[in-house]
1. Under the rule of at least 5 residues apart or a separate chain, name every residue whose amide H is placed under 5 Å from the amide H of V6.
2. For a quick check, take a GNM of the chain with Cα springs below 10 Å and name the residue from I39, I122, I197 with the largest mean-square fluctuation.
3. Going through region 102-165, which GluC sites (Glu not before Pro) have at most 13 other Cβ atoms within 10 Å and a DSSP loop state?
4. Can you list the HN-Hα couplings for region 203-214, worked out from phi with the Karplus curve (6.51, -1.76, 1.60; θ = phi - 60°), rounded to whole Hz and with x for Gly and Pro?
5. Where the centre of each part is set by its Cα atoms, how far does region 213-235 sit from region 92-168, in angstrom?
6. Under the Karplus relation 6.51 cos²θ - 1.76 cosθ + 1.60, θ = phi - 60°, what is the ordered set of whole-Hz ³J(HN,Hα) values for region 104-119, x standing for Gly and Pro?
7. Read phi for every residue in region 147-155 and hand back ³J(HN,Hα) as whole Hz from Karplus 6.51 cos²θ - 1.76 cosθ + 1.60, θ = phi - 60°, with x for Gly and Pro.
8. If amide H atoms are built 1.01 Å from N in the plane of the peptide, which residues on other chains or at least 5 residues away come under 5 Å of the amide H of A165?
Amino acid sequence: MRTQIVAGNWKMNNTFSEGVDLINELVEKFDAVKEVQLIIAPPFILTNEAAKALKYKTIGLAGQNCSNQSHGAYTGDISASMLKSAGANYVILGHSERRAYYHETDQIINEKIKLGLKNDLIPIICCGEVLKEREENKHFEIVAKQINGMLKEISPEDFINIIIAYEPVWAIGTGKTATPDQAQEIHQFIRETIKNIYDSDIANNLSILYGGSCKPSNAKELFANPDVDGGLIGGASLNADEFIEISKSF
């Protein structure tokens, strides 16, 4: 049975004290969550503080990104080994905002995936199309290209430690959401793409998350799809009650 996951990407939000308050609130309310893997991805400055607070809980801790270099003169970057040493056990890679604002390519993301795996981090790798690509009916082509590029030279043994998040970029921060049928269609396509790269067993055991304006009002309908195994949550993850409510939507 695939792992059901609800991951919260806080992005560049919350001061240190605000972040600590949110972490503590989540810890207090965590017992309401059953049989779902919760993951939070706070800004890097909160990673170690979160690791301490989550020490006796099964909430996973993710970095929002890592460098494609292991160490060195890369001012402002955070390496995979730094994330691991600070207490993270997951890392989000290839997010649409990293692609759009920082021009990250599939090759760069592939390098990051390899470094994440080398440092015992579980990569949550993102794929998805922008509005123009969706309107031109190129979303399958784009997603397949991204997945194949990101997974270049990733062995089956390593891939089983990876999670995929599908992001309809046109639905992030816009208030738009893919319909449950659209979500299922592309998630099924992603699973078929993984089947073609690896095999059926690996594809069937892969957790694929939906990452486009998921909130308490639509999570249950989205998560009811057979190939949607949870969500990569943005704005709603900044509210403990909403995040917990989403996690109860399976």
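1. Amide H neighbours of V6, under 5 Å, 5+ apart: Q37, L38, I39, G231.
2. Highest fluctuation among the options: I197.
3. Numbers: sites: E104, E111, E129, E133, E135, E136, E141, E153, E157; in loops: E104, E129, E136, E153.
Loop-located and lightly packed - E136, E153.
4. Computed from phi, the couplings for region 203-214 are 5, 6, 9, 6, 8, 10, 9, 9, x, x, 6, 7 Hz.
5. 20 Å
6. Result, rounded to whole Hz: 6, 9, 4, 5, 4, 5, 4, 5, 5, 4, 4, 5, x, 4, 4, 9.
7. 4, 4, x, 5, 9, 4, 6, 8, 6
8. Residues meeting the criterion, in which the H sits 1.01 Å from N, are I125, C126, C127, L209.
Read the figures in this text as sums done on the coordinates, not as results from a lab. All figures in this text were calculated on a predicted structure; none of them were measured in a lab. Don't worry about glycine lacking a Cβ; one is built from the backbone with ideal geometry, like all the others, and counts go over all protein chains shown.
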